[in-house]
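Working notes, beginning with the structure itself.
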Amino acid sequence: MFPKKNRNDRKTIEQIFKSGRFVNSSNLTFKFVKTNDNQRKISFITPKTVSKSAVVRNLLRRRGYAVLKKYFETFPIGFIGVFVFGKKSKEIFGGKKNKTYNPILNLENEIKIILNKIN
């Protein structure tokens, strides 16, 4: 799991949704606010529209944080943001890995696309 100092709390997430900008990819949305802090804080949100099961929602968030560890340092300093999974995320990023299907690699590619749009 990601350290708590690098994740957002509820008040910050509400602020991001009220006054933030967003960048979309096909199944993932990144909402963010630029601040003057020297910190980066990024969180993942999986709404109930993705899956009614908390187990699946937690799986998606855990996979998101695992992939984000690799790319966390590439986010600009002063970024506070939230990744929001889309409705089809369960089929694309969930499920078990096998020889023909790698959901973690799919998620990594989506995060790369968003990073390229930001930078």
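Please treat every number below as a calculation from the coordinates, not as lab data. Predicted model, so just to flag it, every value in this text is computed and none were measured. Here Cβ is always computed from backbone atoms with ideal geometry, including for glycine, and neighbour counts include all displayed protein chains.
Within segment 59-92, which residues have the backbone N less than 12 Å from the label spot 7 Å out from Asn38 along Cα→beta-carbon, could you tell me? Once the point is set 7 Å along Cα→Cβ of Asn38, 78 turn out to lie under 12 Å by backbone N, inside segment 59-92. Listed by chain and number, the lysines whose alpha-carbon sits under 17 Å from that of Lys96, ignoring those within fewer than 8 places in the same chain, are Lys88.
Look at Thr46, Thr100, Thr74 and count the other Cβ atoms within 10 Å of each Cβ; fewest to most, that gives Thr100, Thr74, Thr46. By the compact-protein rule of thumb, 2.2 N^0.38 Å, the alpha-carbon radius of gyration of the chain corresponds to a ratio of 1.02. In summary, the helical segments of the chain meeting the span-like criteria, namely a full DSSP H run, a Cα extent along the axis of 24 angstrom or more and a mean Kyte-Doolittle hydropathy of at least -0.5, are 54-71. With the convex hull drawn over the C-alpha atoms of segment 37-96, the volume per residue is 83 Å³.
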